[in-house]
Amino acid sequence: MTSQYPWHPWTTDLAQKEDGQRVDLTDKTFEWWYFDTIMEDGSTCVVNFLSKPPFLGGPTRPILQFNISPPTGQYIQKVLFADPSTYSAASDHCAVTIGESSVEGDLHTYRIRAKADDIEADLTLSRVVPGWRQGPFLTPDEAATLWLGEQIVIPSGTVEGTLTYNGATQKVRGTCYHDHQWGGTAAPQSAPSGAKLTSWYWARIQAGDHAVVMAQIYGAVDNGPVMPVMNLWMLARGTAITFDDTVGALTVTPKGGTPKVPGSLDITWSPNAAPKTPPPLGTVRFSLSSAQEIANFSDGRYLRYVCPVTMTSDFAGETFSEKGSAVWEIMHLD
């Protein structure tokens with residue numbers, strides 16, 4: 001499957017190596033494989049395998065970020081720094097090991113076994129919406145020139161397995177998401193416009209048979225006002241994807257709380273039928289409120305939430321309103 005918009009080329013025809021190691025393991029590269037789940041019982045689980053802290057130079061320093069939020073009560077967050085000798089990542093498919101934890105998959109099905117102190121996850125993820133790639137596949141040298149490259153492998157899928165926390169093991173099932181990111185620390189930390197990047201919002205949303213992945217990245221040029229400089233957007237119904245990444249099409253409005261920690265987000269997406277050509281194809285709207293914190297890294301510079309959502313849309317002539325759930329996050333880069 002390829003994009004119906006020729007000015008935003010993308011494809012779902014991926015090779016297994018696209019979820020393998022994308023950049024050579026050097027002092028000037030980093031890489032991570034991210035997985036999140038929202039379970040039917042209201043719990044969540046997020047597992048992230050990192051070769052080292054992102055955006056920083058230095059030798060391999062593998063990290064397992066592992067979070068479980070029970071249906072009620074305080075979430076459990078673990079950050080495990082493992083011995084570099086325990087880290088490995090295959091280049092021909094996803095097969096990553098950090099300490100006692102591992103993940104392996106083939107673009108369709110993934111098995112995660114994660115362990116950190118007294119919490120464990122044994123999960124099988126199955127793809128529903130196919131992964132997609134913007135532009136051409138990049139070689140390791142080309143990928144290392146990016147400030148941040150991203151491969152969305154499971155925009156939406158199902159998950160089942162077990163979670164162990166608070167001294168008990170629970171059988172779980174629900175929805176899942178998986179992406180894979182990488183970059184070169186020597187690459188300029190800026191958008192193509194030359195803006196210095198300052199923060200981002202990211203979310204993955206499931207509402208009925210619709211799935212959305214979105215990100216809005218903010219920056220400033222020459223110490224000017226902070227504004228959106230890069231966007232990511234994917235809308236799927238069932239297994240069919242519609243995609244547009246036009247900066248002007250996506251609006252994220254934080255509400256309540258503080259500028260760094262808003263209480264909720266309103267999201268709208270209104271792409272045009274062609275570049276700079278009205279009328280818009282329609283609008284998709286989300287309200288992300290009643291957010292529950294499920295992770296807090298770097299003293300509040302990287303926060304993750306789960307929340308209910310309401311999605312309304314008249315996109316491409318299809319009018320509907322659906323309720324669902326979302327995992328979303330805020331990253332502060334300045």
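So what is the relative contact order of the chain, in percent, for Cα pairs below 8 Å that sit 6 or more residues apart? Intermediate values should be presented prior to the final figure.
Details: 896 pairs, mean separation 45.5, N = 334.
It rounds to 14 percent for the chain.
Relative to the present Cα-Cα distance, how much length would full extension add between residue 72 and residue 90 at 0.36 nm per residue of separation? Please list the in-between numbers first.
Values: separation 18, 0.36 × 18 = 6.48 nm, distance 3.76 nm.
Result: 2.7 nm gained on full extension.
On alpha carbon coordinates alone, what is the Rg over Rh value for segment 1-108, Rh being the Kirkwood radius?
Details: Rg = 16.5 Å, Rh = 15.7 Å.
Looking at segment 1-108, the ratio lands at 1.05.
When the helices in the chain are scored as -39500 (n - 2.57) per DSSP H run of 4 or longer and the sum is shared across all residues, what 222 nm value do you end up with, to the nearest 500 deg cm²/dmol?
On the way: 1 runs with 4 residues, N = 334.
For the chain, the value works out to 0 deg cm²/dmol.
If you bin the C-alpha pair distances of segment 1-187 every 10 Å from 0, what whole percents do you get?
In whole percents, the pair-distance histogram is 10, 37, 35, 16, 3, 0.
Under the √(5λ) rule applied to the eigenvalues of the Cα gyration tensor, what semi-axes describe the equivalent ellipsoid of segment 91-171? Give them in Å, descending.
Details: eigenvalues 168, 53, 21 Å².
Listed largest to smallest, the semi-axes of segment 91-171 are 29, 16, 10 Å.
Mind checking the log10 I(q)/I(0) for segment 202-297 at q = 0.13 Å⁻¹? Debye, one equal scatterer per Cα, no solvent, two decimals.
-0.53
Compute the distance in nm between two label points, each set 7 Å from the Cα along the Cα-to-Cβ direction, one at residue 227 and one at residue 100.
Result for the modelled spin labels: 5.2 nm.
Run through segment 295-329 and list the GluC sites (Glu not before Pro) located in a DSSP loop whose Cβ has at most 14 other Cβ atoms within 10 Å.
The qualifying sites are 318.
Counting only Cα atoms, I'd like the Rg/Rh figure for segment 139-270, Kirkwood definition for Rh.
1.02
So, in nm, how far is label residue 137 from label residue 209 when the simple model puts each one 7 Å beyond its Cα toward the Cβ?
3.1 nm
Taking springs between alpha-carbon atoms closer than 10 angstrom, which of 172, 226, 46 fluctuates most in the Gaussian network model of the chain?
226
If one puts a single equal scatterer on every Cα of the chain and applies the Debye formula without solvent, what log₁₀ I(q)/I(0) results at q = 0.06, 0.09, 0.14 Å⁻¹?
-0.19, -0.45, -1.20
Apply the Debye scattering formula to segment 84-136, with a single equal point scatterer on each alpha-carbon and no solvent, then give log10 I(q)/I(0) at q = 0.14, 0.27 Å⁻¹.
-0.46, -1.08
Where a number appears in this text, it was derived from the coordinates with a stated rule and is not lab data. Predicted model, so just to flag it, every value in this text is computed and none were measured. All Cβ positions, glycine included, derive from the backbone under ideal geometry; neighbour counts span all protein chains shown.
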